[in-house]
Amino acid sequence: MKAPAFDYARPRSLAEALALLRRHGDEAKIIAGGQSLVPALNLRLLAPKLLVDIGGLSELKGIAVADGTVRIGALTRHVELMRAPEIARHLPLIAAAMPHLSHAAIRNRGTLGGNLAHADPASELPACCLALGARMTIAGPDGERELAAEEFFTGIFETALRPDEILTRVDIPAVGADEPCAFLELSRRSGDYALVGVAAQGAVRDGGLSRLRLAFFSVGPTAMLARRAAAALEGRPITDAAIAEAQGALAGDLAPQDDLQASAATRLHLARVLLRRAVHALVPGAAEKAA
Ligand code: FAD
């Protein structure tokens, strides 16, 4: 199918883009990499009167590290995240996630901001943002506001963004070289959206885990932090009993649903399998007991 007719604007500044969104309200739609929006237009799931192409806004581009924070512009493409030495060094969780995100053709065009604004519950990057304590900066008619990742994702394909707002950047605390992470995903074929996945970031103290953030995806309306499971693992020896307790806690943390790909029970089972593998990846001493 072909997209319905639309007008097209390519603003040269953020202020110009915001003015267009303000003037056209619900009838305008931002386009960044187009990798989710264009299929939705072609399937006629959306019919905006105006596309506002933000691809030329240099203030939304680039990756910078300062004062222990990695600042990533919303227009940073997936392939740039995959290749950037700053990401490999300071946010290895994201570097580990990127090869799972679709295929090279999509990664060459898709952007971080578009991916987060699209808020697919099976996406890798929202889970990484939750696990890493990311903060989103949003520009709107009244200036800027900042939201934690937990506040940004509000439902299936839903975020706290209003129609007249633009996600401009994401700030993520740089991770220390001695702080382990694990990214694991199960999908039917390489590059497919996840059946279930987990992005885990923590620190190791006295052989146990601390500051553990386990963000699961494809097991609820948004990526979800498994707080009960993390609490069951922190500050104690990593034993089979501790892992089993955390696996049990996942039922209270996650909200999987039946769909055409898998039942809720299957997804919860797979999340438990991934949890065990993630813990063993975070604490290599426990590796010999891996499932
Ligand atoms: P666009 O398609 O341009 O926009 C997406 C949405 O975000 C639109 O609603 C748009 O208005 C809005 N938007 C864009 N930028 C901003 C901004 N800065 N501020 C506010 N709103 C904004 N993704 C995965 O995570 N994992 C996968 O495995 C995966 N597989 C894919 C497979 C295929 C075949 C395809 C077509 C896509 C796949 N994707 C996958 C999606 C891909 O990552 C998209 O690139 C991404 O979701 C959207 O980024 P984009 O820059 O293309 O955004």
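The values are calculated or read from the model by the stated rules, or taken from the named source; none is laboratory data. This one's a predicted model, so the numbers in the text were calculated from it and none came from an experiment. Using ideal geometry, Cβ is built from the backbone for each residue, glycine included, and neighbour counts are taken over all protein chains shown.
For this structure, a couple of remarks:
- Residue in segment 6-24 that is farther than 24 Å from Val79 by Cα and modelled with pLDDT under 95 present: no
- Taking segment 208-243 as the range and being part of a loop (DSSP other than H, G, I, E, B) and of a type in the set (A, V, I, L, M, F, W, C) as the test, the residues that pass are Val219, Ala223, Ala226, Ile238.
- Odd one out for Arg169, checked against (1) among the basic types (Lys, Arg); (2) within 13 Å of the ligand (Cβ to nearest atom); (3) surrounded by fewer than 20 Cβ atoms within 10 Å (Cβ to Cβ): (3)
- Residue identified as buried (at least 16 other Cβ atoms within 10 Å of the Cβ), among the aliphatic types (A, V, I, L, M) and either within 23 Å of Ala117 (Cβ to Cβ) or in contact with a helix residue (DSSP H, G or I) (Cβ under 6 Å, 6 or more places away or on another chain) (or both) among Leu195, Leu147: Leu147
- Segment 101-134 - residue that is surrounded by fewer than 18 Cβ atoms within 10 Å (Cβ to Cβ) and in contact (Cβ under 8 Å) with a residue 12 or more places away in the chain and, of those, farthest from the ligand (Cβ to nearest atom): Gly133
- Unique residue being among the small types (Gly, Ala, Ser), farther than 21 Å from Thr168 by Cβ and not assigned by TED's automatic domain parsing to the domain that holds Ala105 when the list is Ala17, Ala40, Ala28: Ala40
- Of the residues making up segment 1-16, those that are in contact with a strand residue (DSSP E or B) (Cβ under 7 Å, 6 or more places away or on another chain) and surrounded by 10 or more Cβ atoms within 10 Å (Cβ to Cβ) number 6.
- Considering each residue of segment 247-254 in turn, at least one proves to be among the charged types (D, E, K, R), modelled with pLDDT of 95 or more and not assigned by TED's automatic domain parsing to the domain that holds Gly133.
- Of the residues making up segment 1-30, those that are free of Cβ contacts under 8 Å to residues at least 40 places away in the same chain and more than 13 Å from the ligand (Cβ to nearest atom) are Ala5, Ala15, Glu16, Ala19, Arg23.
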